[in-house]
Amino acid sequence: MSCCCQTEESTTIQSVSTAIQLSALEDLINRYRGVEGSLISVLQGVQELYGYLPRPVLEHISLQLGMKKARIYGVATFYAQFRLTPVGKHLILLCQGTACHVNGADKIETALCDELGVEMGGTTDDRVFTLTEAACLGCCSLAPVMMIDGQAYGPLTPDRARKVIRDIYKQEEQSREEVGA
Amino acid sequence: MIVRIGLSSCGIAAGGLPVKEALALVIEQQGLDWELQQTGCIGMCHYEPLVDVIHEDGSINTYGNVTVDGAREIVAAEASGTALEKYRIATDREPNDCLAGQVRIALRNCGTIDPESIQDYINSGGYQALQKALNQMTPKQVIEEIKISGLKGRGGAGFPTWFKWNATRQEPGDIKYLICNADEGDPGAFMDRSLLEGDPHSVLEGMVIAGYAIGAATGIVYARAEYPLAIKRLGKAIEQAQAHGILGSNIMGSDFSFDISIKQGAGAFVCGEETALIASLEGERGMPRLKPPFPSQRGYWDKPSNINNVETLANVPWIIANGGASFAAMGTEDSKGTKVFALAGRIKRGGLVEVPMGMTLREIIFGPGGGIKDDKKFKAVQLGGPSGGCIPEALLDTPVDYQSIKNTGAIMGSGGMVVMDETTCMVDLARYFLNFTQDESCGKCVPCRIGTKRMLEIMERLCAGEGKPGDIDLLEMLGQQIMDGSLCGLGNSAPNPVLTTIRYFRDEYEAHIYDKKCPAKQCKALITYLIEPDKCKGCTLCAKKCPVNCISGEAKKPHVIDQNLCTKCGTCLEVCPSKWSAVSVS
């Protein structure tokens, strides 16, 4: 998203919302309509629904809540939590805290990038994982640490980190097979 | 009998949930009439998962590093009336070395009660301080008690708590706000997370008392989104308190009404600054503004607002219940009471410790902390996170109080202590912190926004072996200008890690610049990995594990690293069997 003022993007709110009930978004908007100071909460709600902040949804919110697009974009890009691009099913937060840094977080990063075949910030082609950094997860005595879907893993070695990823992949395959069967 | 398992983020990360399931299963299978409880973190994170077995007579066996199999064995042993020595790390009569010397006030209930049970909190004396404040004390008397205690803000700045409360109380107006800063942004500190996960009611009780003292009807907790479990447990605690008449209208039958809500932060270090936090609460970009007006005059929605840190508030009920004088009896002249420290980094026993102020760094690191990992040599301790500084070995006997720490060039901060050994490069560490602050600078003040960027470029150059004579002077000059020309604490303190490492580890900077060497052997551009042919037995382990396949050689013959392809990840050094130690780094 280079500039929020351009409108050449062809996706519409309906197309990004195909998988999601538009009513859920409407509920969110109605909950915060007229509530002062709620922009961050609205964006957190959107991200919970979509996994990221889709541009057409932000434009929709701008119209519905009467907020300037620039203001929404300003807040969305200020905070580390918000993402403007889609993420995989499982979000990996690799801790970059001081304790993790001095205990070799860079080696975990190398191993994860290699295992997933992505760079830091990237999403795997099958959209199962997105690898991102977190400033600090507050599990410093278990450094180095990563968090996947709210669960912290540590202390990690490059091999342990790879195993966590492989285990989740295995579970994914199993659940797919079950659905297939 | 009661079986209690520690399930804070650290306990869960260490594998606590499967252990809990195993305990539940085996207790059921054996038909035992035992109660299985969860609790927060006692602070001995390196022993997680931790299991306490509490007998009918009140005696306790504490087991550490419990595995799923271990859980079954422990239940079997305890059911037959014996302890399982293999996992036992402490009893109620012989507490673990980590707890020796600790005085637990803020952490009084962490690891001993179920954080999701208000009844547990009440049974351990919870909400009695609130009752005392509401029934027997005027708001002025509450503030006076806090003044006697000498409690200072535990979040970083160390400002006297009573003064802020009093200033907010004295402001005219009916609408005032009490804000709890739970946006623990300092990487390396985790006491607020542990408190919220382990004893959320103590923070709520502190908030209601503070609200009563300053005359606020609304409390807001600004919590980090990165702490999902803390938010969940705090939310549950708020619901329970509302159901018990501890939050809401006419609390405990008094005239005082107060309620609390949670607002999630969205990840910005600068929001630890009060005015930036308020901007974020109002849904805006978290950018600080000039003070005065102080938040106590014009804060949230321009109303008088008081902001306290989690740990500060957790101390409040204890002070009201036991009297300010008992709190002030601990600590030093300048710094009263106790402080929670988060021990992390290259330390044997990482975790949380709460000790009286005035203990020396050495006593904390080598006492409850157990000394340095792998018995390596202590090099420095970083206090105060990215705003703090590194304290070298020569100053290890510095007492930990606000002024003594400030004199070293570091700050107390929120109490994060990251310990470094000989394998940590101080230049790289300073670069790491600067990278953090540069990234987190909100961009409002030019010296902070651009100055930290320029400093970071120099630091990156040093680590890449491209340092130039004069770089150290340039860093010092820039650092001073950034500190002088920035509005808020972030810019005022961002150069601290660089300036303190130059002050105490100048030789390492000079080695990087003039000798193109990294004495700690960490900066990749300045080191080379070599396999010594006379030591290598050709076991092929390094070649198999090398992530870029740059090691070649036949089995049982010396191997060679292709220096052009080597990414200097250090894997070969790690995997080379210690009996041969054929990989060297220079």
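The values are calculated or read from the model by the stated rules, or taken from the named source; none is laboratory data. For clarity, every value in this text was computed on a predicted model and none was experimentally measured. Positions of Cβ are backbone-derived with ideal geometry, glycine not excepted, and every protein chain shown enters the neighbour counts.
Step by step: first the residues of the range B:244-257, then only those that are on the phi < 0 side of the Ramachandran plot and touching a residue at least 60 places away in the same chain (Cβ under 8 Å), then the one that is surrounded by the fewest Cβ atoms within 10 Å (Cβ to Cβ). Which residue is that?
B:SER254
Any chance the range B:517-535 includes a residue that's touching an Asp or Glu at 6+ places or on another chain (Cβ under 6 Å) and surrounded by 20 or more Cβ atoms within 10 Å (Cβ to Cβ)?
We begin by selecting, within the range B:517-535, every residue touching an Asp or Glu at 6+ places or on another chain (Cβ under 6 Å); these are B:519, B:522-523.
Among the residues that remain, those that are also surrounded by 20 or more Cβ atoms within 10 Å (Cβ to Cβ) are: B:522-523.
The answer is yes; a qualifying residue exists.
In this structure, is B:ALA543 surrounded by 13 or more Cβ atoms within 10 Å (Cβ to Cβ), under 40 Å from the mean Cα position of the chain (by Cα) and within 14 Å of chain A (Cβ to nearest Cβ)?
Working: surrounded by 13 or more Cβ atoms within 10 Å (Cβ to Cβ): yes; under 40 Å from the mean Cα position of the chain (by Cα): yes; within 14 Å of chain A (Cβ to nearest Cβ): no.
Against the criterion (surrounded by 13 or more Cβ atoms within 10 Å (Cβ to Cβ), under 40 Å from the mean Cα position of the chain (by Cα) and within 14 Å of chain A (Cβ to nearest Cβ)), B:ALA543 does not qualify.
Going by what's in this entry, would B:LYS263 be described as of a type in the set (Lys, Arg) and touching a helix residue (DSSP H, G or I) at 6+ places or on another chain (Cβ under 7 Å)? Talk me through it step by step, then tell me what you get.
On the way: of a type in the set (Lys, Arg): yes; touching a helix residue (DSSP H, G or I) at 6+ places or on another chain (Cβ under 7 Å): yes.
Yes.
Give me the pairs: first residue in the range B:431-455 and small (Gly, Ala, Ser), second residue surrounded by 23 or more Cβ atoms within 10 Å (Cβ to Cβ), beta-carbon distance under 6 Å, and six or more apart or on different chains, which are they?
From the range B:431-455, the pairs are B:SER441/B:CYS448; B:SER441/B:THR452; B:GLY451/B:ILE482.
For a quick check of your reading of the model, give me the residue pairs whose first member lies in the range B:259-275 and is among the polar types (S, T, N, Q), whose second is in a helix (DSSP H, G or I), with beta-carbon atoms closer than 9 Å and at least 6 apart or on different chains.
B:SER261/B:ILE238; B:GLN264/A:ILE40; B:GLN264/A:SER41; B:GLN264/A:GLN44; B:GLN264/B:ILE231
Kindly indicate whether B:SER124 is closer than 28 Å to B:HIS55 by Cβ and assigned by TED's automatic domain parsing to the domain that holds B:VAL51. Lay out the reasoning, then the answer.
Details: closer than 28 Å to B:HIS55 by Cβ: yes; assigned by TED's automatic domain parsing to the domain that holds B:VAL51: no.
It is false that B:SER124 is closer than 28 Å to B:HIS55 by Cβ and assigned by TED's automatic domain parsing to the domain that holds B:VAL51.
Yes or no, residue by residue, for (1) within 14 Å of another protein chain (Cβ to nearest Cβ); (2) surrounded by fewer than 24 Cβ atoms within 10 Å (Cβ to Cβ); (3) among the charged types (D, E, K, R):
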site: B:ARG154; (1), (2), (3): no, no, yes
site: B:GLY158; (1), (2), (3): no, yes, no
site: B:THR161; (1), (2), (3): no, no, no
site: B:ALA182; (1), (2), (3): yes, no, no
site: B:ARG193; (1), (2), (3): yes, no, yes
site: B:GLU197; (1), (2), (3): yes, no, yes
site: B:SER202; (1), (2), (3): no, no, no
site: B:ALA225; (1), (2), (3): yes, yes, no
site: B:GLN242; (1), (2), (3): no, yes, no
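Residue by residue, here is whether (1) in a strand (DSSP E or B); (2) out of contact with any Asp or Glu (no Cβ under 6 Å at 6 or more places or on another chain); (3) in contact (Cβ under 8 Å) with a residue 60 or more places away in the chain; (4) under 12 Å from B:GLY156 (Cα atoms) holds:
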{"position": "B:CYS390", "(1), (2), (3), (4)": "yes, yes, yes, no"}
{"position": "B:ASP397", "(1), (2), (3), (4)": "no, yes, no, no"}
{"position": "B:GLN403", "(1), (2), (3), (4)": "no, no, yes, no"}
{"position": "B:LYS406", "(1), (2), (3), (4)": "no, yes, no, yes"}
{"position": "B:ALA410", "(1), (2), (3), (4)": "no, yes, yes, yes"}
{"position": "B:SER414", "(1), (2), (3), (4)": "no, no, yes, yes"}
{"position": "B:VAL418", "(1), (2), (3), (4)": "yes, yes, yes, no"}
{"position": "B:THR424", "(1), (2), (3), (4)": "no, yes, yes, no"}
{"position": "B:VAL427", "(1), (2), (3), (4)": "no, no, yes, no"}
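Take residues that are of a type in the set (S, T, N, Q) and tell me which of the strands (runs of 3 or more DSSP E) falling wholly in the range B:1-106 contain 2 or more.
Values: elements: B:2-6, B:35-39, B:51-54, B:60-63, B:88-91.
Here the list reads B:35-39, B:60-63.
With respect to A:VAL128, determine if the residue is more than 10 Å from chain B (Cβ to nearest Cβ) and either of a type in the set (A, V, I, L, M) or within 25 Å of B:LEU7 (Cα to Cα) (or both). Before the answer, list the steps.
Details: more than 10 Å from chain B (Cβ to nearest Cβ): yes; either of a type in the set (A, V, I, L, M) or within 25 Å of B:LEU7 (Cα to Cα) (or both): yes.
Considered against the rule, which asks whether it is more than 10 Å from chain B (Cβ to nearest Cβ) and either of a type in the set (A, V, I, L, M) or within 25 Å of B:LEU7 (Cα to Cα) (or both), A:VAL128 comes out as yes.
What's the total number of residues in the range B:290-314 that are farther than 29 Å from B:GLY126 by Cβ, of a type in the set (A, V, I, L, M, F, W, C) and within 13 Å of chain A (Cβ to nearest Cβ)?
The number of residues fulfilling the criteria is 1.
Can you tell me how many residues within the range A:116-145 are modelled with pLDDT of 95 or more and touching a Phe, Trp or Tyr at 6+ places or on another chain (Cβ under 6 Å)?
The qualifying residues number 1.
When you check A:ILE168 against the structure, is it surrounded by 15 or more Cβ atoms within 10 Å (Cβ to Cβ), at pLDDT 90 or above and away from chain B (no Cβ under 14 Å), yes or no? Give the derivation first.
On the way: surrounded by 15 or more Cβ atoms within 10 Å (Cβ to Cβ): yes; at pLDDT 90 or above: yes; away from chain B (no Cβ under 14 Å): yes.
Considered against the rule, which asks whether it is surrounded by 15 or more Cβ atoms within 10 Å (Cβ to Cβ), at pLDDT 90 or above and away from chain B (no Cβ under 14 Å), A:ILE168 comes out as yes.
Quick grid of which residues meet (1) assigned to a helix (DSSP H, G or I); (2) among the small types (Gly, Ala, Ser):
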residue: B:LEU462; (1), (2): yes, no
residue: B:GLU466; (1), (2): no, no
residue: B:LEU474; (1), (2): yes, no
residue: B:GLN480; (1), (2): yes, no
residue: B:MET483; (1), (2): yes, no
residue: B:GLY491; (1), (2): yes, yes
residue: B:VAL498; (1), (2): yes, no
residue: B:THR501; (1), (2): yes, no
residue: B:ARG506; (1), (2): yes, no
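Being small (Gly, Ala, Ser) and either at positive phi or more than 14 Å from every other protein chain (Cβ to nearest Cβ) (or both) is the filter; apply it to the range B:381-412 and report the residue that is surrounded by the most Cβ atoms within 10 Å (Cβ to Cβ).
Residues of the range B:381-412 that are small (Gly, Ala, Ser), as a first pass: B:384-385, B:387-389, B:394, B:404, B:409-410.
Filter once more, keeping what is either at positive phi or more than 14 Å from every other protein chain (Cβ to nearest Cβ) (or both): B:384-385, B:394, B:404, B:409.
Numbers: B:GLY384: 29, B:GLY385: 34, B:ALA394: 8, B:SER404: 20, B:GLY409: 21.
Selected residue: B:GLY385.
Of all residues in the range B:543-562, which are assigned to a strand (DSSP E or B) and touching an Asp or Glu at 6+ places or on another chain (Cβ under 9 Å)?
Quick first cut of the range B:543-562, residues assigned to a strand (DSSP E or B) only: B:551-552, B:560-561.
B:ILE551, B:SER552 - these are the residues of the range B:543-562 that are assigned to a strand (DSSP E or B) and touching an Asp or Glu at 6+ places or on another chain (Cβ under 9 Å).
How many residues does the range B:221-262 contain that are assigned to a helix (DSSP H, G or I), closer than 21 Å to B:ASP114 by Cα and not small (Gly, Ala, Ser)? Break it down stepwise before answering.
If we filter the range B:221-262 for residues that are assigned to a helix (DSSP H, G or I), which is where we start, we get B:228-243, B:251-253.
Pick out the ones that are also closer than 21 Å to B:ASP114 by Cα and you get B:228-243.
Narrowing the set further to residues that are not small (Gly, Ala, Ser) leaves B:228-229, B:231-234, B:236, B:238-240, B:242.
Selection size over the range B:221-262: 11.
Tell me, which residue of the range B:227-240 that is closer than 12 Å to B:HIS201 by Cα and of a type in the set (D, E, K, R) is surrounded by the most Cβ atoms within 10 Å (Cβ to Cβ)?
B:ARG233
Among (1) touching a residue at least 40 places away in the same chain (Cβ under 8 Å); (2) within 25 Å of the chain's Cα centre (by Cα); (3) in the same structural domain as B:GLY299 (by TED's automatic domain parsing), where does B:TRP162 come up short?
(1)
From A:CYS113, A:CYS139, grab the single residue that is over 26 Å from B:LEU7 (Cα atoms) and assigned by TED's automatic domain parsing to the domain that holds A:HIS101.
Details: A:CYS139 fails: over 26 Å from B:LEU7 (Cα atoms).
Just one listed residue meets the conditions, A:CYS113.
Answer yes or no as to whether B:THR437 is assigned to a helix (DSSP H, G or I), among the hydroxyl-bearing types (Ser, Thr, Tyr) and within 14 Å of chain A (Cβ to nearest Cβ). Walk me through it before giving the result.
Working: assigned to a helix (DSSP H, G or I): yes; among the hydroxyl-bearing types (Ser, Thr, Tyr): yes; within 14 Å of chain A (Cβ to nearest Cβ): yes.
Here the answer is yes, as B:THR437 does meet what is asked.
Output the residues belonging to the range A:97-125 that are at the interface with another protein chain (Cβ under 7 Å from one of its Cβ atoms) and either under 23 Å from A:GLN44 (Cβ atoms) or aromatic (Phe, Trp, Tyr) (or both).
Residue satisfying the conditions is A:GLY97 alone.
How many residues are in contact with a Gly (Cβ under 9 Å, 6 or more places away or on another chain) and farther than 13 Å from B:GLY188 by Cα when one looks only at the range B:373-388?
Result for the range B:373-388: 2.
When you scan the range A:22-63, how many residues do you find that are part of a loop (DSSP other than H, G, I, E, B), basic (Lys, Arg) and more than 14 Å from chain B (Cβ to nearest Cβ)? If you could, list the steps in order and put the result at the bottom.
First pass over the range A:22-63, keeping only residues part of a loop (DSSP other than H, G, I, E, B): A:33-38, A:51-54.
From the residues that got through so far, the ones that are basic (Lys, Arg) too are A:33.
Keeping just the survivors that are more than 14 Å from chain B (Cβ to nearest Cβ) gives none.
Here the count works out to 0.
I'd like to check something: does the range A:76-94 contain any residue that is facing chain B (nearest Cβ under 10 Å) and surrounded by fewer than 18 Cβ atoms within 10 Å (Cβ to Cβ)? Steps first, please.
Let us first name the residues in the range A:76-94 that are facing chain B (nearest Cβ under 10 Å), namely A:76-82, A:93.
Filter again for surrounded by fewer than 18 Cβ atoms within 10 Å (Cβ to Cβ), leaving A:77.
The answer is yes, given that some residue of the range A:76-94 is facing chain B (nearest Cβ under 10 Å) and surrounded by fewer than 18 Cβ atoms within 10 Å (Cβ to Cβ).
Kindly establish whether B:SER305 is touching a Phe, Trp or Tyr at 6+ places or on another chain (Cβ under 8 Å) and under 15 Å from B:PHE159 (Cβ atoms).
Numbers: touching a Phe, Trp or Tyr at 6+ places or on another chain (Cβ under 8 Å): yes; under 15 Å from B:PHE159 (Cβ atoms): yes.
It is true that B:SER305 is touching a Phe, Trp or Tyr at 6+ places or on another chain (Cβ under 8 Å) and under 15 Å from B:PHE159 (Cβ atoms).
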